[in-house]
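Here the structure comes first, spelled out in structure tokens, and everything after it is commentary.
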Amino acid sequence: AALCPPLGAEAAGTGPYRVSAAQLQRLVGAYRLGSLTTGAVEIPQVAMADVVGLQEVKDKLTEVVVWPYRYHAELAAMGVRPSTGVLLYGVPGTGKTMLAKATATQLK
């Protein structure tokens, strides 16, 4: 039996699917949360000083990620809208993960 069968015209693919609250509850109850979602998030203790070089990138990450977190009220008062995200890209081994960990450590 399907957890959420299509209804009426939706079965023919002519419209959006509709899901009732009861169907959604049944669907959510059918899945257990994985072990990754059951505990507290652990933030590694990596300081920006642990990241060798990349000073321009470290400064930009601090400005774009850390400042809006620390100075939210001040930036809002000036009418500055913070960035909605950051994309770190590059070949493996260039320090992207370490930069992300160091930035997360600053947010504690």
Near pairs, Cβ below 8 angstrom, 6+ apart or cross-chain, from the range 64-81 (touching a residue at least 24 places away in the same chain (Cβ under 8 Å)) to any residue that is among the β-branched types (Val, Ile, Thr): 65/86; 65/103; 66/103
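From the list 47, 30, 73, 40, pick out the single residue that is more than 20 Å from residue 108 (Cβ to Cβ) and either modelled with pLDDT of 75 or more or small (Gly, Ala, Ser) (or both). Talk me through it step by step, then tell me what you get.
Numbers: 47 fails: more than 20 Å from residue 108 (Cβ to Cβ); 73 fails: more than 20 Å from residue 108 (Cβ to Cβ); 40 fails: more than 20 Å from residue 108 (Cβ to Cβ).
Every option except 30 fails the conditions.
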- prompt: When residues of the range 83-108 are filtered for being within 15 Å of the chain's Cα centre (by Cα) and either touching a residue at least 12 places away in the same chain (Cβ under 8 Å) or assigned to a helix (DSSP H, G or I) (or both), how many remain?
  reply: 9
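Among the listed residues 91, 80, identify the single one that is touching an Asp or Glu at 6+ places or on another chain (Cβ under 9 Å) and either open to solvent by 50 Å² or more (accessible area, probe 1.4 Å) or of a type in the set (A, V, I, L, M) (or both). Let's see the steps before the verdict.
Details: 91 fails: touching an Asp or Glu at 6+ places or on another chain (Cβ under 9 Å).
Only one candidate passes the filter, namely 80.
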- prompt: Given (1) more than 14 Å from residue 103 (Cα to Cα); (2) modelled with pLDDT of 90 or more, where does residue 66 come up short, assuming only one miss?
  reply: (1)
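The values are calculated or read from the model by the stated rules, or taken from the named source; none is laboratory data. Model, not experiment: these values are computed from the prediction. In this analysis, Cβ positions are derived from the backbone assuming ideal geometry, glycine residues included, and neighbour counts consider all displayed protein chains. Accessible surface is based on the protein model in full, side chains and every heavy atom, while ligands, DNA and RNA are left aside. Shrake-Rupley method; radii C 1.70, N 1.55, O 1.52, S 1.80 Å.
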